[in-house]
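The block underneath contains the structure these notes are about, expressed in C-alpha cells.
The values are calculated or read from the model by the stated rules, or taken from the named source; none is laboratory data. Keep in mind that this is a model prediction, so the values were computed, not measured. So basically every Cβ, Gly included, is an ideal-geometry build from the backbone, and we count neighbours across all protein chains shown. We work out accessible area using only protein heavy atoms, side chains counted, and drop any ligands, DNA or RNA first. Shrake-Rupley method; radii C 1.70, N 1.55, O 1.52, S 1.80 Å.
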Amino acid sequence: MIPGVLTVAGSDSGGGAGIQADLKTMLALGVHGMSVITAVTAQNSIGVQGAWELPVEAVRAQYRSVVDDIGVRAVKTGMLSSAELVETVAELIAGTDAPAVVDPVGVSKHGDALLAPSALDSVRTALLPVATVATPNLDEVAHLTGVRVESEDDLRRAAEAVLAFGPRWVVVKGGHLAGDAVDLLTDGSQAHWLRAPRHDNRHTHGTGCTLASAIASQLAKGQTVPEAVMAAKEYVTGAIAAGFALGAGIGPVHHGWNLG
C-alpha cells in the first residue's frame, strides 16, 4: 500500500505553494496526496490578489470524507485563515491517529497576510498542542512568541518558546538569517542542527509548504521525526537549487527535481 498523506491548506492558483505545492511534493516523495481545501486564493508570482475562506462545514466534510473512508498516515496543515478554521482543524487532528505537521502560515512569500490576527491565539492554544512537528519560520516565531531571532544563537530560545505551546517537536527555520541555511530541530531534550549551503536563487516560492509536506510524507513512510526532517531538508534544498522563473516575480521551487 502507498501511504496516504492529507494536506489541509489553501489553494495557490499560481501552483507554487499551498495545496498545489503539497500534492507535488507528495508525488515526488512516493506517497498518495489527498487534500482539504480551506481557502481559495488568486495568486501569482507577484503576490496574492484575493483570498476567499471556505465555510467550516465544507472543511469538516472534506476531512471526514477522506479520513473515514481512505484513512491517512500523516496530516499536514497550511493556511488556516480564521480562528474558527484553526480550532476546527485542531479538533479534527486531535481525533485522528496519525502524526501531524503544522506549518503555522501567517504571511505569504510576497508579504501578504494569510492569517487573521485574531487567529493567533487559536494557533497557540489549539493547533500547536496537537502538532507532532511545528515548522515556523522566523517571522512566524516572532508573531507567535514575541521572540525575534537575529542570529543563529537565538534559534534555541525561539524553539523553546514554541515548544512551550505544546508541539512534540519544532523546526525553527533559519533561512532568513545570513550565511548557510540553518534550521534547528528539537523536542526540548535533543537538538539537531540542519545545515545546507545557501543557493543564489530568488525563486523560492512555496519553500515552507514544501518542507512541511516533505516531513509529513517521510513520517507516513515510517521514519522517525529526526529522520523525516533531515530527509525533507535534503529534498527542499534540492528544490530550491532548481527553482525556476515563472511570471514577472518570484518563481517556485522545483518539486520534481529529484525525478530526473
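Count, please, the residues in the range 187-203 that happen to be within 30 Å of A126 (Cα to Cα) and of a type outside the set (D, E, K, R).
The total comes to 7.
Of the residues that make up the range 242-260, is at least one surrounded by fewer than 20 Cβ atoms within 10 Å (Cβ to Cβ), over 19 Å from the mean Cα position of the chain (by Cα) and modelled with pLDDT under 95?
Yes, the range 242-260 has at least one match.
Output the qualifying pairs, or none if there are none: Cβ atoms under 9 angstrom, residues six or more apart or on different chains, first residue in the range 178-207 and more than 13 Å from T237 (Cβ to Cβ) and charged (D, E, K, R), second residue open to solvent by 80 Å² or more (accessible area, probe 1.4 Å) and part of a loop (DSSP other than H, G, I, E, B).
Filtered contacts from the range 178-207: D187/R168.
How many of the residues in the range 170-180 are open to solvent by less than 20 Å² (accessible area, probe 1.4 Å) and either outside any loop (DSSP other than H, G, I, E, B) or farther than 18 Å from A212 by Cα (or both)?
Count: 3.
Which of (1) farther than 19 Å from T207 by Cβ; (2) part of a strand (DSSP E or B); (3) open to solvent by 20 Å² or more (accessible area, probe 1.4 Å); (4) at pLDDT 95 or above does G33 not meet, given it meets every other one?
Against the list (1) farther than 19 Å from T207 by Cβ; (2) part of a strand (DSSP E or B); (3) open to solvent by 20 Å² or more (accessible area, probe 1.4 Å); (4) at pLDDT 95 or above, G33 comes up short only on (1).
In this structure, is V225 more than 22 Å from I19 (Cβ to Cβ) and open to solvent by less than 20 Å² (accessible area, probe 1.4 Å)?
The answer is yes for V225.
Looking at T96, T77, can you tell me which residue is crowded, with 24+ Cβ neighbours inside 10 Å, among the polar types (S, T, N, Q) and out of contact with any Cys (no Cβ under 8 Å at 6 or more places or on another chain)?
T77
Which residues, counting only those in the range 208-226, are over 17 Å from the mean Cα position of the chain (by Cα) and closer than 21 Å to L184 by Cα?
Q223, T224 - these are the residues of the range 208-226 that are over 17 Å from the mean Cα position of the chain (by Cα) and closer than 21 Å to L184 by Cα.
Test of understanding: among D22, D97, which residue is assigned to a loop (DSSP other than H, G, I, E, B), closer than 22 Å to V225 by Cα and of a type in the set (D, E, K, R)?
Of the residues listed, the single one that is assigned to a loop (DSSP other than H, G, I, E, B), closer than 22 Å to V225 by Cα and of a type in the set (D, E, K, R) is D97.
Residues checked against (1) within 16 Å of K24 (Cβ to Cβ); (2) of a type in the set (A, V, I, L, M, F, W, C):
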{"position": "A164", "(1), (2)": "no, yes"}
{"position": "S189", "(1), (2)": "no, no"}
{"position": "A196", "(1), (2)": "no, yes"}
{"position": "G208", "(1), (2)": "yes, no"}
{"position": "Q218", "(1), (2)": "yes, no"}
{"position": "M230", "(1), (2)": "no, yes"}
{"position": "G238", "(1), (2)": "yes, no"}
{"position": "G247", "(1), (2)": "no, no"}
{"position": "I250", "(1), (2)": "no, yes"}
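Looking only at the range 233-240, decide whether some residue is surrounded by 16 or more Cβ atoms within 10 Å (Cβ to Cβ) and assigned to a loop (DSSP other than H, G, I, E, B).
no
What number of residues within the range 123-161 satisfy the criterion of being crowded, with 19+ Cβ neighbours inside 10 Å, in contact with a strand residue (DSSP E or B) (Cβ under 7 Å, 6 or more places away or on another chain) and of a type outside the set (A, V, I, L, M)?
The number of residues fulfilling the criteria is 4.
Within the range 99-122, track down each residue that is at pLDDT 95 or above and open to solvent by less than 20 Å² (accessible area, probe 1.4 Å).
The answer is A100, V101, V102, D103.
Among the listed residues L115, L80, identify the single one that is out of contact with any strand residue (DSSP E or B) (no Cβ under 7 Å at 6 or more places or on another chain) and part of a loop (DSSP other than H, G, I, E, B).
Residue meeting the stated conditions: L115.
Can you tell me which condition L184 does not meet? The list is (1) open to solvent by less than 10 Å² (accessible area, probe 1.4 Å); (2) farther than 19 Å from A126 by Cα; (3) of a type outside the set (K, R); (4) not in a strand (DSSP E or B), and all the others hold.
(4)
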